[in-house]
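The values are calculated or read from the model by the stated rules, or taken from the named source; none is laboratory data. This one's a predicted model, so the numbers in the text were calculated from it and none came from an experiment. Note that each Cβ is placed from the backbone with ideal geometry, even for glycine, and that neighbours are counted across all protein chains shown. Surface accessibility is based on the protein's heavy atoms, side chains included, excluding ligands, DNA and RNA. Shrake-Rupley method; radii C 1.70, N 1.55, O 1.52, S 1.80 Å.
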Amino acid sequence: MESNAFGLIYTGETNPMLRDLALSRSVAAVPFGGRYRCIDFILSDLVNTGVTSVGLIAQKNYHSLMDHLGAGKEWDLHRKREGLFVLPPFMTKENTGLYRGSIDAIRSCLGYVRRCRQQYVILTGSHTIFNMTFNDMIKQHVQSRANITILYNEVDASVPEEQNMDLRLILDGNGCVTEMEYNPFTPRSTHRSCDVLILDKLLLEYLVEEAYSHGEYDLVRDILLKKCNTLKIMGYRYDGFVARLDSVNDFFRHNLALLQSEVRDDLFNPAHPIYTKIKDEVSARYGENACVKNAMLADGCVIEGTIENSILFRGVTIQKGAVVKNSIIMQATKIGENCHLDHVILDKGVTIRDGRTLTGYDGFPIILKKGTTI
Amino acid sequence: MKKRIVAMLLAGGQGSRLGVLTSSMAKPAVPFGGKYRIIDFPLSNCVNSDIDTVGVLTQYRPLALNSYIGTGQHWDLDRVHGGVFVLPPYVTGVDGRWYTGTANAIYQNREFVDQYDPDYVLILSGDHIYKMDYGEMLRFHIEKNAVATIAVLPVPMEEAHRFGIMNTDNDDRITSFEEKPKQPKSNKASMGIYIFNWPELKEYMGRDDANPDSSNDFGHDIIPALIDDNQPVYAYPFSGYWKDVGTIQSLWEANMDIISTPPKLILNDPLWRIYSRNPIMPAHYVGNDASITQSLVTEGCRVEGKVHHSVLFYNVSVEPDAEVFDSVVFPGAVIRKGAKVYQSIVGENAQIGEGAIVGGALRHGDQVDNALTGSITVVGNDISVQTEAYLPQGTVATEDENGGRCYGK
């Protein structure tokens, strides 16, 4: 069913804690779950909601992202009417082309926002992974007459070890946000924002122009935190699986979480498929000596060795006698004979020559960046 | 817009020798090789050979095939000029009719071909598994100044009597053609792939259509007529893997050929990809107690049991303690706990109940009608094999006379 909302995805998040994973790509383009990129989840969520128009604000290092998305065909967003609009930065008299933050970025694509015929905007980031549709959230937003509705989920109450865009909501009994904390030292709330807001597009235009005229540029700091008491802001709770790619450890942990069937059933709920770029790879091929336990493997893999507790992306080759444990192995990686890998993250196109051993630790996996040969 | 060559794919075959596997779909829509359907092979060969205009002729159970092909985008055949078109038989004025033969199917669609005013027409069939560059064949056709070129494959002399055999001179020119000869003079078997000069083909098809005694078939009528008229008809020698998958046995064998070591047919070829419609499913999961060897497994599968020397299509579940050996399991099938599947083809969305044995040895007194299956056991699409059922090898599990989809007591 078509939705009365359009999507606006901001992919300008930077995160040094992702180290080499986000060195040459935006967080949105970080590979996840064997055959996906981070962006596939939020984009599929929007499509599964019935959203027919999605603006995607690209900011830095977006080559990899553009390459992945193409014209949006795989998400069924390659349309004559509406579809996917990639909005890269551009320079005009009043726009430097360099965004200081999300407000600058949204302001530069207000032209797109004005053209959309839908009343509501679903404004999202791109580093949070979950599988839901926003229909009920929109319904709540309309019925509660909220100005802004923020999606949140319950997180561990303990003090986070690494913090990144950690927005906590303090709610009253009606689900109304009374206070917010941004990257708090000791969080007072377990309600963490999932980086999805729903609001009227006219309100978005107004808030962005107002903040911009005051020289402000960060949506969370300069709009949400400041307007908490003047606007009616509601929370909408999501109880399913949520993965935030805040750090390398999170990336590692959330990928391996897919080895639990409850997580897989939730994130890959067949009623709401997750779409991604198609590569037309052949099926994964298991050789005579293959020994695979508790692992997720994408197509195009050729397995002659041993794999345990690992995620293998498309087109990975594991040769005879190689042992791979507790690892994330990205696309088109080659692992030679008799290698031993434990707690490693191999980015795309890495080659490990015969007999090499690499061991990281729980809490500190070794990352090899794209194209490395060892 | 003029095209140099247009391909016409004969996909009307009922595939009756595939029995229950084709009860709801035409033969070209039958799954093959883990991710594909038979028709993906000729379609991908066309695209990889830079042929961008393909007519697919259907008449038997076309729904599965129509919806599978769609706009052709999965084969990159959604083109501004050309693309892929499904061409069913149609009625004209008073005398619409079914396709009476392979040549008649093309003749009835001559207007479709004429739109592109091609110099050549490539005729393909939808029941063969092979990778072939039709461009090479076209170059051969042009070099030889041929009116018709037939791709031929050397087969073992002792099997030649099962094929249409081309007898040629030293220059590969065909001197005579014999359908399934008792005493074959050559081992050059027709692969069912033809290139014709379109103007000459139209003329011969018109003449053939006017002949009420003709079976309107390329092999029986058109090719012999061309040879009789002393037209230059050449045999293009092909070497490589080619298999007619028209029977249960050969369909099973062809699947086994891609998992042999080394594989007889290499599918993992970046220069010659086989394209297909993608099921949109996550990477497959292999459980803690699973064992998978010498097999192909693809997206959406969940394997907790033992899989050896088998091909699993997408979205197949193999539950704990289940065993799948030497088998082909079509999309969406579920092999329940402790079930055993040996040397079988399990149809789409079939369910093998807990502890059931499919393809077990013949027990004393077992009566099995295996005329179509030989030693292969087949479970039809959407059939549920009951818990603890025993299906001796060669059994065909299909719906009962009342349409019930449960099999076994």
Hand me the list of helices (runs of 4 or more DSSP H) wholly inside the stretch B:1-109 holding 1 or more residues that are at pLDDT 90 or above and more than 18 Å from B:TYR275 (Cα to Cα). B:102-108
Filtering the stretch B:322-347 down to residues that are over 14 Å from B:CYS301 (Cβ atoms) and either assigned to a loop (DSSP other than H, G, I, E, B) or among the basic types (Lys, Arg) (or both) yields B:ASP326, B:ARG336, B:LYS337, B:GLY338, B:ALA339, B:LYS340, B:GLN343, B:GLY347
Hey, can you tell me all the residues within the stretch A:340-357 that are on the phi < 0 side of the Ramachandran plot and either touching a residue at least 40 places away in the same chain (Cβ under 8 Å) or under 28 Å from the mean Cα position of the chain (by Cα) (or both)? A:LEU341, A:ASP342, A:VAL344, A:ILE345, A:LEU346, A:ASP347, A:LYS348, A:VAL350, A:THR351
Subset of the stretch B:255-266 (residues that are open to solvent by less than 20 Å² (accessible area, probe 1.4 Å) and either touching a residue at least 40 places away in the same chain (Cβ under 8 Å) or within 8 Å of another protein chain (Cβ to nearest Cβ) (or both)): B:ASN255, B:MET256, B:ILE258, B:ILE259, B:LEU265
Please find, within the stretch B:132-152, the residue that is nearest to the chain's Cα centre (by Cα) out of those that are farther than 21 Å from B:ASN230 by Cβ and surrounded by fewer than 19 Cβ atoms within 10 Å (Cβ to Cβ). B:ASP133
Taking the stretch B:356-397 and keeping only residues that are open to solvent by 20 Å² or more (accessible area, probe 1.4 Å), over 22 Å from the mean Cα position of the chain (by Cα) and under 18 Å from B:LEU251 (Cβ atoms), one is left with B:GLN393
Got at least one residue in the stretch A:256-273 being touching an Asp or Glu at 6+ places or on another chain (Cβ under 8 Å) and within 14 Å of chain B (Cβ to nearest Cβ)? yes
Restricting to the stretch B:283-301, name every residue that is within 8 Å of chain A (Cβ to nearest Cβ) and closer than 16 Å to B:VAL328 by Cα. B:ILE292, B:THR293, B:GLN294, B:SER295, B:LEU296, B:VAL297, B:THR298, B:GLU299
Considering the stretch B:304-317, residues that are under 19 Å from A:LEU312 (Cβ atoms) and more than 9 Å from chain A (Cβ to nearest Cβ), and then whichever is farthest from the chain's Cα centre (by Cα), we arrive at B:GLU304
Checked pairs for the stretch A:117-135, first closer than 23 Å to A:ASN15 by Cβ and free of Cβ contacts under 8 Å to residues at least 60 places away in the same chain, second part of a loop (DSSP other than H, G, I, E, B) and open to solvent by less than 10 Å² (accessible area, probe 1.4 Å), C-beta under 6 Å and 6 or more apart or across chains, list as none
Unmet criterion (only one of (1) in a loop (DSSP other than H, G, I, E, B); (2) crowded, with 16+ Cβ neighbours inside 10 Å) for A:GLU288: (2)
For B:GLU200: the one exception among (1) open to solvent by 10 Å² or more (accessible area, probe 1.4 Å); (2) over 25 Å from B:TYR107 (Cα atoms): (2)
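Listed here are the residues, each with its yes/no results for (1) within 14 Å of chain A (Cβ to nearest Cβ); (2) under 29 Å from B:ALA225 (Cα atoms).
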site: B:VAL47; (1), (2): yes, no
site: B:GLN59; (1), (2): no, yes
site: B:SER67; (1), (2): no, no
site: B:GLY82; (1), (2): no, no
site: B:VAL91; (1), (2): no, yes
site: B:ILE106; (1), (2): no, yes
Within the stretch B:269-282, track down each residue that is within 8 Å of chain A (Cβ to nearest Cβ) and farther than 17 Å from A:PRO273 by Cα. B:ARG273, B:ILE274, B:TYR275, B:SER276
Being hydroxyl-bearing (Ser, Thr, Tyr) and within 17 Å of B:ASP228 (Cα to Cα) is the filter here; which residues of the stretch B:192-206 pass it? B:TYR204
Name the one entry in A:LEU197, A:LEU224 that is assigned to a helix (DSSP H, G or I) and surrounded by 20 or more Cβ atoms within 10 Å (Cβ to Cβ). A:LEU224
Could you please give the count of residues in the stretch A:275-315 that are facing another protein chain (nearest Cβ under 7 Å) and touching a helix residue (DSSP H, G or I) at 6+ places or on another chain (Cβ under 9 Å)? 4
Filter pass, B:PRO62 being touching a strand residue (DSSP E or B) at 6+ places or on another chain (Cβ under 8 Å) and within 26 Å of B:ARG173 (Cα to Cα): no
Before we move on, is A:LEU224 under 21 Å from A:GLY101 (Cα atoms), touching a residue at least 60 places away in the same chain (Cβ under 8 Å) and under 24 Å from the mean Cα position of the chain (by Cα)? yes
Which one is nearest to the other protein chains (Cβ to nearest Cβ), of the residues in the stretch B:14-35 that are under 21 Å from B:ILE193 (Cα atoms) and surrounded by 22 or more Cβ atoms within 10 Å (Cβ to Cβ)? B:PHE32
Residue list for the stretch B:36-57, filter: hydroxyl-bearing (Ser, Thr, Tyr) and open to solvent by less than 10 Å² (accessible area, probe 1.4 Å): B:TYR36, B:SER44, B:THR53
Out of (1) open to solvent by less than 30 Å² (accessible area, probe 1.4 Å); (2) over 23 Å from A:CYS38 (Cα atoms); (3) not in a strand (DSSP E or B), the one A:LEU259 does not meet is (2)
